[in-house]
Number of protein chains: 2
Amino acid sequence: MKKFINDPDDVVREALAGMAAAHPELRVDLDEQIIVRADAPRPGKVGLVSGGGSGHEPLHGGFVGLGMLDAACPGEIFTSPVPDQILAATRAVDGGAGVLHIVKNYTGDVMNFEMAAEDAETPIESVLVDDDVAVDGSTWTAGRRGTGATLLVEKIAGALAEQGAALAEVAAVARDVNERSASFAIALTAGTTPAAGKPGFDLPEDEIEVGVGIHGEPGRAREQLRPARDLAARIVEPILTAKPLAPGSEVIMLVNGLGGTPLLELYLMFKEVSRLLADAGVQVARSLVGNYVTSLDMAGISLTVCRADERLLRLWDAPVRTPGLRWGA
Amino acid sequence: MKKFINDPDDVVREALAGMAAAHPELRVDLDEQIIVRADAPRPGKVGLVSGGGSGHEPLHGGFVGLGMLDAACPGEIFTSPVPDQILAATRAVDGGAGVLHIVKNYTGDVMNFEMAAEDAETPIESVLVDDDVAVDGSTWTAGRRGTGATLLVEKIAGALAEQGAALAEVAAVARDVNERSASFAIALTAGTTPAAGKPGFDLPEDEIEVGVGIHGEPGRAREQLRPARDLAARIVEPILTAKPLAPGSEVIMLVNGLGGTPLLELYLMFKEVSRLLADAGVQVARSLVGNYVTSLDMAGISLTVCRADERLLRLWDAPVRTPGLRWGA
């Protein structure tokens, strides 16, 4: 294993110290292991908290700031945050208007966020993100997994909360975004956790994992490597099957690298995927290309497509200022 | 080789088509192979053109936009852009106030930018970026190589040009930033070009390439892999030796991934590097962490440190709106 680390047990804590040094505009609490907006809690504003295992950076800590999350609680690598962490984050952002928990659908995350919600002193709404249409259950979850759409949920719900909307409204738009979203991923290689020291799975030189999860958990099938245009079709097809889009639909699209894929390849795939969507009469109204929801150093790509409307596009366009996503501010 | 590509010969052209689809706010000319700001040429504004081999994304195409480059000309992978490309970019951004060429110090880039400058119909100033203090010459260059400081030069000179400064002034600040900057890189693995189909060099499981270039060209030494804190010292030492910083100095710092390094490790290294600079009495006034000047899928890291002053910090903070760098707009 070749990594820029000291002790494998200290990676998350030390990276968090790096975040604190790199982003003085955020409050990083190294004892509670939470990342909080500097101006939290803001009186009267709904607080947004998300979190999950580390290894998916910039998700979630990189999305804390104006117009997105109020706090993030990173667990150990590929490990759910503990209830105390989530509770500390919830308290830190409670401005009296309640707190929204954005929870990716993994068994441990769901359980620990529920425990924290029970102990919270403020009204909590919880939104489950389960956009990955590859499998209906895996070793990590019951039901669909939460992946790329989490970024969209955090961005759009964050924008609405910034405008002063009430907890129920913010939760509703978050659920709406999740409902409208579908994701699918392909891996060329597995990621390596510092603790394991070797790739999460072995993949021969000519094979790919289709429908892979962001912890390297298996997908639908192991298939032959083939040209990008064929891989793009392999990704788009299950998305359009799971959540059909009428011709003329507008979408927000995320072409996401899983950590080890060069931007050059992501752009090439963007071209292939855009073409397929255009063939289906779907218009890409907004898009992002880059490594946003990652799986350590996994070479792979995921596509997230969210059916948009005018309101969602306005919220998407609203100012955001976080380490990982920034515009208009 | 596992990559999201079709034909290895078409990667750059197809990725450029992806950039065109992803960034309708830019003008991507697929025939000339140039990326241009939508509002270029702007009358009376100095035009900024940079370019170089592809494989270093988001550099340079991802830095085209308000407050940074007016155009970029990407060559084939690790191959200089041709003079005709550079000339087309120069013409596209010539608003009558002259054009600045920002050239990384590689033999082919220098030669081809010179040829384009000779044929240009507008005054040209050329600024050579040679910040890599690892080696004084390599297989790719005579003198120091141009690496991470290119981002700083493009950002700061771009901000000054946006304010309406004259060509000589913009060139002067670009040269000043280069003079004040030093970079040094370590690779854990080599990148794989689509044409070669295998890593650029072999590195045993317990060895690293110290002082590596962004094409995988060798550095100072091949050494043993060791903990992040020791690698940070190995990077900081030559930088402070080459361009000493008095205690109390303020710097702009770029902790840059070479493509295959997870953000978690970059943040961890940020902590280590910040600590070493603090020990030397150096204050990090501004910083960036992420994959900005890459070498395809190379696992590695580079550090760039630029001695700042009030003026440079103001220009750094000025609004920028590009695919790869954005704030204040």
Q | Karplus (6.51, -1.76, 1.60) ³J(HN,Hα), θ = phi - 60°, over segment B:272-280, in Hz, Gly and Pro reported as x | A | 5, 5, 4, 4, 5, 5, 4, 4, 8
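I need the semi-axes of the equivalent ellipsoid of chain B: take the C-alpha gyration tensor, multiply each eigenvalue by 5, square-root it, list largest first in whole angstrom.
Over the Cα atoms of chain B, the ellipsoid semi-axes are 29, 24, 17 Å.
Shielding by partners for B:51-64, please: the mean number of other protein chain Cβ atoms within 10 Å of each residue's Cβ. Please report the intermediate quantities before stating the final value.
Values: counts 0, 0, 0, 2, 3, 3, 7, 5, 1, 0, 3, 4, 0, 0.
Mean number of neighbouring Cβ atoms from other chains: 2.
Taking R0 as 51 Å, what FRET efficiency do you get between B:Gln283 and A:Asp119 from their Cβ-Cβ distance, rounded to the nearest 0.05?
Working: r = 41 Å, r/R0 = 0.81.
With R0 = 51 Å, the Cβ-Cβ based efficiency is 0.80.
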Q) Taking A:Lys198 as the anchor, which lysines have their alpha carbon closer than 18 Å to its alpha carbon, excluding any fewer than eight residues away along the same chain? A) A:Lys2, A:Lys3
Q | Amide N proximity, segment A:68-104 versus A:Glu25 label position 7 Å along Cα-to-Cβ, cut-off under 14 Å | A | A:68-69
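What is the sum of charges around B:Asp94, taking Lys and Arg as +1, Asp and Glu as -1, for the other residues whose C-beta is under 11 Å from the C-beta of B:Asp94? Please report the intermediate quantities before stating the final value.
Details: positive: B:Arg42, B:Lys45, B:Arg91; negative: B:Asp70, B:Glu121.
Counting the neighbours of B:Asp94, the net charge comes to +1.
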Q. Could you give the radius of gyration (one decimal) and Dmax (whole number) of the Cα atoms in segment B:59-160, in Å?
A. 13.1, 39
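Nearest-5 percent of antiparallel DSSP beta bridges in chain B?
Details: 33 of 58 bridges.
Antiparallel: roughly 55 percent of the beta bridges in chain B.
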Q | DSSP bridge pairs, the protein assembly as shown: antiparallel proportion in percent, nearest 5 | A | 55 percent
Q.
Counting only other residues whose beta carbon sits under 14 Å from that of B:Leu245, what net charge do I get with K and R as +1, D and E as -1?
A. -2
Q: Using Cα pairs closer than 8 Å and at least 6 residues apart in sequence, work out the relative contact order for chain B, in percent.
A: 18 percent
Q: Would you calculate, for chain A, the mean residue ellipticity at 222 nm contributed by helices, counting each DSSP H stretch of 4 or more residues as -39,500 (n - 2.57) and dividing by all residues, to the nearest 500?
A: -10000 deg cm²/dmol
Q. Ordered by packing density, taken as the mean number of other Cβ atoms within 10 Å over each peptide's residues, highest first, how do B:88-98, B:273-283, A:147-157, B:141-151 rank?
A. A:147-157, B:141-151, B:88-98, B:273-283
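Averaged across A:18-26, how many Cβ atoms of other chains sit within 10 Å of each residue's Cβ atom?
Details: counts 15, 7, 4, 13, 12, 4, 2, 0, 0.
Across the residues of A:18-26, the mean count of other-chain Cβ atoms within 10 Å is 6.
How much of the DSSP beta bridge set in segment B:181-317 is antiparallel, as a percent to the nearest 5? Before the final figure, lay out the partial values.
On the way: 21 of 29 bridges.
So the antiparallel bridges amount to about 70 percent of the total.
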**Q.** Amide H contacts under 5 Å for B:Glu207, placed H, 5+ residues apart
**A.** B:Leu225
Q. To the nearest 10 square angstrom, what accessible area does B:Trp316 show with a 1.4 Å probe?
A. 10 Å²
**Q.** Inter-chain shielding of B:287-299 (mean C-beta neighbours from other protein chains, 10 Å cut-off)
**A.** 4
Q) What is the Cα centroid distance between segment B:144-209 and segment B:230-281, reported in whole angstrom? A) 15 Å
Q: Could you work out the Rg to Rh ratio of segment A:181-314, with Rh taken as the Kirkwood radius (inverse of the mean 1/r over all Cα pairs)?
A: 0.99
Q) Using θ = phi - 60° and the Karplus form 6.51 cos²θ - 1.76 cosθ + 1.60, what ³J(HN,Hα) does each residue of segment A:46-61 get, whole Hz, x for Gly and Pro? A) 4, x, 10, 10, 9, x, x, x, 6, x, 10, 4, x, 4, 9, x
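Would you please give the FRET efficiency between B:Lys198 and A:Glu207, computed as 1/(1 + (r/R0)^6) with r the Cβ-Cβ distance and R0 = 30 Å, to the nearest 0.05? List each step's numbers first, then the result.
Values: r = 18 Å, r/R0 = 0.59.
It comes out at approximately 0.95.
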Q. Which lysines does A:Lys155 reach when only Cα atoms under 26 Å apart count, and residues fewer than 8 places away in its own chain are ignored?
A. A:Lys45, A:Lys104, A:Lys243, A:Lys271
Q: Could you go through segment A:175-186 in sequence order and give the Karplus-derived ³J(HN,Hα) for each residue, using 6.51 cos²θ - 1.76 cosθ + 1.60 with θ = phi - 60°, rounded to whole Hz, and x for Gly and Pro?
A: 5, 4, 4, 4, 4, 7, 10, 9, 9, 7, 10, 10
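Rounded, prolate or oblate for the protein assembly as shown? Axes are the square roots of the Cα gyration tensor eigenvalues, ordered a ≥ b ≥ c, and the cut-off for rounded is a/c under 1.5.
Details: a/c = 1.43, a/b = 1.35, b/c = 1.06.
Rounded, since a/c falls under 1.5.
Note the buried accessible area between B and A here, summed over both chains, with a 1.4 Å probe, in Å² to the nearest 100.
Working: alone 13190 and 13180 Å², together 21750 Å².
Buried area (both sides, nearest 100 Å²): 4600 Å².
The values are calculated or read from the model by the stated rules, or taken from the named source; none is laboratory data. These numbers were taken from a predicted model, which means no experiment stands behind them. Because the Cβ atoms are built from the backbone with ideal geometry, glycine has one as well, and the counts that use them run over all protein chains shown. Just so you know, the surface numbers come from the protein's heavy atoms only, side chains and all, with ligands and any DNA or RNA stripped out. Shrake-Rupley method; radii C 1.70, N 1.55, O 1.52, S 1.80 Å.
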